[in-house]
Amino acid sequence: MSEEPDNHDYEHKASVREHGSVRREKEDPKAGLEPITLSLFTTCAAVLIVGGAYVGAKSGGFDFGRVTTYGPEGAESPPGLPGAVEELGEHEKYLLAGEQVYKAVCNGCHQVTGGGQGQIPPLVDSEWVDEGTERLAQIVLNGMRGPITVNGASYGAQEMPAQKGSLSDDQVAKVMTYVRHRFGGITDSVVTKEMAAEARERHGAQAAVNTVASLAPADAMLPGDQPEWMNPEPAAGEGEGGGDEGSAAAPEPGT
């Protein structure tokens with residue numbers, strides 16, 4: 001019997017070479033995972049660069065205090081658009097300061113709505129808010145103990161603490177103004193620092209907490225003049241028509 005040459009080693013080496021070449025081949029890309037082309041990448045990059053530059057130029061550096069306005073130079077922006085922010089008047093500033101005092105001192109009991117809670121009486125449409133300023137100042141300065149009737153309902157189980165030791169005359173004046181404006185609808189007058197100082201002069205030395213019997217009459221108002229900004233004088237020439245017809249009334253907008 002003849003012996004044939006042993007070719008196992010040759011076949012093994014051929015198999016190794018074949019598998020090695022297969023491993024070096026790249027797989028075909030799967031659907032949806034094809035590599036992005038250079039042209040598409042370049043286009044997207046250009047869009048991002050140009051768009052970013054445009055937004056940056058028109059946003060004022062993302063500083064909303066100096067947003068770019070549109071339209072003819074000097075033209076006013078319509079209400080609600082950038083550049084149409086109006087500066088607050090003195091009355092609005094006064095009310096905002098009073099609101100801050102209210103939130104810090106009164107909000108916990110009387111609530112942000114002025115509706116009160118439980119035995120704490122409401123401030124909304126309360127006769128103790130929208131009538132005399134002297135007795136309201138007494139209540140703020142020296143506190144209040146019931147019974148007290150507000151809008152026909154009786155309260156008295158909860159005592160209001162005095163605030164004369166924690167609030168200045170200016171704070172008393174502003175919080176009274178805010179309360180009367182917000183909850184009493186008093187929009188044509190304010191309580192001034194001088195009025196609050198007068199109330200403190202009259203009643204600040206009182207040791208006991210107020211009762212209804214110790215308060216000033218309902219119509220007692222603290223003396224003092226209103227600030228000039230509450231009744232601004234007309235500008236020079238305003239309202240002066242010399243009696244000529246057609247010059248007394250200003251034209252309506254858009255006419």
Using a probe of 1.4 angstrom, how much of the accessible area of the range 126-187 is carbon and sulfur, in percent?
48
Can you give the accessible area per residue of the range 119-165, in Å², using a 1.4 Å probe?
42
Amide H of residue 144 versus every other amide H placed in the peptide plane: which residues, excluding those fewer than 5 positions away on the same chain, fall under 5 Å?
160, 210
If you plug each phi of the range 210-227 into the Karplus form 6.51 cos²θ - 1.76 cosθ + 1.60 with θ = phi - 60°, what whole-Hz ³J(HN,Hα) values come out, in order, with x for Gly and Pro?
5, 10, 4, 5, 8, 8, 5, x, 4, 9, 6, 10, 5, x, x, 8, 7, x
Per 0.36 nm of contour for each residue apart, how much would the distance between residue 93 and residue 193 grow if the chain were fully extended, relative to their Cα-Cα spacing?
34.5 nm
Mind giving me the FRET efficiency for residue 154 and residue 230? R0 is 30 Å, r the Cβ-Cβ distance, nearest 0.05 is fine.
0.25
Sequence of 192, 187, 211 when ordered by accessible area, the most exposed leading, probe 1.4 angstrom
187, 211, 192
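The values are calculated or read from the model by the stated rules, or taken from the named source; none is laboratory data. If you're wondering where the values come from, they're calculated on a predicted model, not measured in any experiment. Note: ideal-geometry Cβ built from the backbone for every residue, glycine included; neighbour counts use all protein chains shown. Ligands, DNA and RNA are excluded from the accessible area calculation, which covers all protein heavy atoms including side chains. Shrake-Rupley method; radii C 1.70, N 1.55, O 1.52, S 1.80 Å.
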